[in-house]
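K.L.:
Following this message is one structure expressed as structure tokens.
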Amino acid sequence: MYVSTPVRELNLILFGPPGAGKGTQAARLQDDFRLPYVATGDILRAAKQEGSELGLAAKRYMDAGELVPDELVVDLIIDRIEQEDCQDGFILDGFPRTRPQADALGAAFERLGRRITAVLLIDVPDEEVVSRISGRRVSVKTGRPYHVETDPPKHEGRCDIDGSRLVQRDDDRPEVVKKRLDVYHSETEPLISYYDERGLLRRVDGTRSPTEVHDHIRAVLATLRLEEDL
Ligand code: AP5
């Protein structure tokens with residue numbers, strides 16, 4: 001059974017369609033709370049780049065816009081959030097994405113006596129997703145996302161954090177984006193009611209500017225903190 005966690009331990013899940021702004025908000029929340037950022041997509045992309053067994057297995061699913069099979073991601077992510085640096089909390093992005101993943105996360109948390117603080121749904125319609133993803137550029141080193149129009153880097157083509165090169169992601173081609181959206185609606189969106197029924201879902205209007213979305217998330221977290229103190 002899920003119940004809101006004590007606020008000292010901030011176990012946050014960023015949820016929403018591809019291109020909703022999960023990575024963008026994660027960068028800001030990391031600055032706010034100094035929590036480890038666990039992004040399934042980044043972990044899988046790093047494995048792909050290294051050419052590891054996992055990366056090779058994941059590549060064909062990712063490049064086609066499909067989900068990597070649960071058996072490849074569940075233990076990987078649960079082991080990661082059980083590590084020492086995640087004991088005070090974490091920002092989880094891109095997991096869970098299927099009902100079995102959500103059930104596995106719930107079972108792991110129950111075993112560990114930990115609880116999800118909130119599932120932050122960043123809500124954005126499909127048309128906006130397509131326009132955002134077409135302008136997205138990401139750092140080859142930090143993975144930090146930018147947008148050529150709405151969130152450009154200070155120096156064109158270079159990451160603000162370390163000056164690394166910005167590139168377009170392999171799965172950001174229009175036909176793959178369409179597939180990713182279809183997969184989101186069929187496999188992942190049902191988790192909205194799953195977490196809503198458990199009192200964990202908090203909706204954020206993701207169509208606003210990155211700063212407004214960030215302010216809204218901070219307000220949501222402040223409210224949770226107040227509720228906890230009552
Ligand atoms: P993943 O890397 O998780 O991709 P995703 O969920 O599709 O999300 P994105 O990274 O595309 O978008 P985002 O919401 O982070 O948006 P961003 O902040 O960049 O997964 C990739 C693949 O890995 C999957 O397809 C699957 O194959 C595999 N995978 C991952 N997890 C898995 C799992 N659990 N199980 C199985 N397979 C898994 O923003 C997008 C753009 O919009 C940027 O250019 C940004 O600058 C701009 N932007 C952001 N916010 C705003 C705003 N408010 N206004 C205007 N522009 C904005």
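K.L.:
For the range 116-137, does any single residue satisfy the condition of being surrounded by fewer than 20 Cβ atoms within 10 Å (Cβ to Cβ), free of Cβ contacts under 8 Å to residues at least 60 places away in the same chain and touching a strand residue (DSSP E or B) at 6+ places or on another chain (Cβ under 6 Å)?
P.N.:
Yes.
K.L.:
May I pose another question? Does ALA47 qualify as being without any contact (Cβ under 8 Å) to a residue 12 or more places away in the chain, farther than 29 Å from THR207 by Cβ and among the aliphatic types (A, V, I, L, M)? Outline the logic, then answer.
P.N.:
Values: without any contact (Cβ under 8 Å) to a residue 12 or more places away in the chain: yes; farther than 29 Å from THR207 by Cβ: yes; among the aliphatic types (A, V, I, L, M): yes.
Against the criterion (without any contact (Cβ under 8 Å) to a residue 12 or more places away in the chain, farther than 29 Å from THR207 by Cβ and among the aliphatic types (A, V, I, L, M)), ALA47 qualifies.
K.L.:
Which count do you get for residues in the range 195-224 that are surrounded by fewer than 13 Cβ atoms within 10 Å (Cβ to Cβ), away from the ligand (no atom under 16 Å from the Cβ) and part of a helix (DSSP H, G or I)?
P.N.:
Residues in the range 195-224 being surrounded by fewer than 13 Cβ atoms within 10 Å (Cβ to Cβ), away from the ligand (no atom under 16 Å from the Cβ) and part of a helix (DSSP H, G or I): 3 in total.
K.L.:
For VAL130, state whether it is modelled with pLDDT under 95 and farther than 15 Å from PRO17 by Cβ. Give the derivation first.
P.N.:
Numbers: modelled with pLDDT under 95: yes; farther than 15 Å from PRO17 by Cβ: no.
Against the criterion (modelled with pLDDT under 95 and farther than 15 Å from PRO17 by Cβ), VAL130 does not qualify.
K.L.:
Might you check whether a residue that is surrounded by 14 or more Cβ atoms within 10 Å (Cβ to Cβ) and at pLDDT below 95 occurs anywhere in the range 183-194? If you could, list the steps in order and put the result at the bottom.
P.N.:
Narrowing the range 183-194 to residues surrounded by 14 or more Cβ atoms within 10 Å (Cβ to Cβ): 183-184, 187-189, 191-192, 194.
Those still in the list that are at pLDDT below 95 too: none.
The answer is no, given that none of the residues of the range 183-194 is surrounded by 14 or more Cβ atoms within 10 Å (Cβ to Cβ) and at pLDDT below 95.
K.L.:
Scan (1) surrounded by 17 or more Cβ atoms within 10 Å (Cβ to Cβ); (2) among the hydrophobic types (A, V, I, L, M, F, W, C); (3) at pLDDT below 95 for the single condition CYS159 breaks and write down its number.
P.N.:
Going through the list (1) surrounded by 17 or more Cβ atoms within 10 Å (Cβ to Cβ); (2) among the hydrophobic types (A, V, I, L, M, F, W, C); (3) at pLDDT below 95, CYS159 breaks only (3).
K.L.:
A further question follows. Given ARG208, ARG218, ARG173, ARG158, which one is basic (Lys, Arg) and touching a residue at least 24 places away in the same chain (Cβ under 8 Å)?
P.N.:
Numbers: ARG208 fails: touching a residue at least 24 places away in the same chain (Cβ under 8 Å); ARG173 fails: touching a residue at least 24 places away in the same chain (Cβ under 8 Å); ARG158 fails: touching a residue at least 24 places away in the same chain (Cβ under 8 Å).
Exactly one of ARG208, ARG218, ARG173, ARG158 is basic (Lys, Arg) and touching a residue at least 24 places away in the same chain (Cβ under 8 Å), namely ARG218.
K.L.:
In addition: Go over the candidates LEU56, LEU72, LEU105 one by one and state the one that is over 14 Å from the mean Cα position of the chain (by Cα) and buried (at least 18 other Cβ atoms within 10 Å of the Cβ). Show your work before the answer.
P.N.:
Numbers: LEU56 fails: buried (at least 18 other Cβ atoms within 10 Å of the Cβ); LEU72 fails: buried (at least 18 other Cβ atoms within 10 Å of the Cβ).
Only one candidate passes the filter, namely LEU105.
K.L.:
With the condition being within 7 Å of the ligand (Cβ to nearest atom) and of a type in the set (Val, Ile, Thr), I'd like the helices (runs of 4 or more DSSP H) fully within the range 26-105 carrying at least 1 qualifying residues. Full working, then the answer.
P.N.:
Working: elements: 40-50, 53-63, 70-81.
Ranges flagged: 40-50, 70-81.
K.L.:
While we're on this one: Can you tell me how many residues within the range 55-71 are of a type in the set (Gly, Ala, Ser) and touching a residue at least 60 places away in the same chain (Cβ under 8 Å)? Before you say what the answer is, go through the steps one by one.
P.N.:
Of the residues in the range 55-71, the ones of a type in the set (Gly, Ala, Ser) are 55, 57-58, 64-65.
From the residues that got through so far, the ones that are touching a residue at least 60 places away in the same chain (Cβ under 8 Å) too are 64-65.
Within the range 55-71, residues that are of a type in the set (Gly, Ala, Ser) and touching a residue at least 60 places away in the same chain (Cβ under 8 Å) number 2.
The values are calculated or read from the model by the stated rules, or taken from the named source; none is laboratory data. Just so it is clear, the structure is predicted and the values come from calculations on it, not from any experiment. Virtual Cβ from ideal backbone geometry, glycine too; neighbours counted across all protein chains shown.
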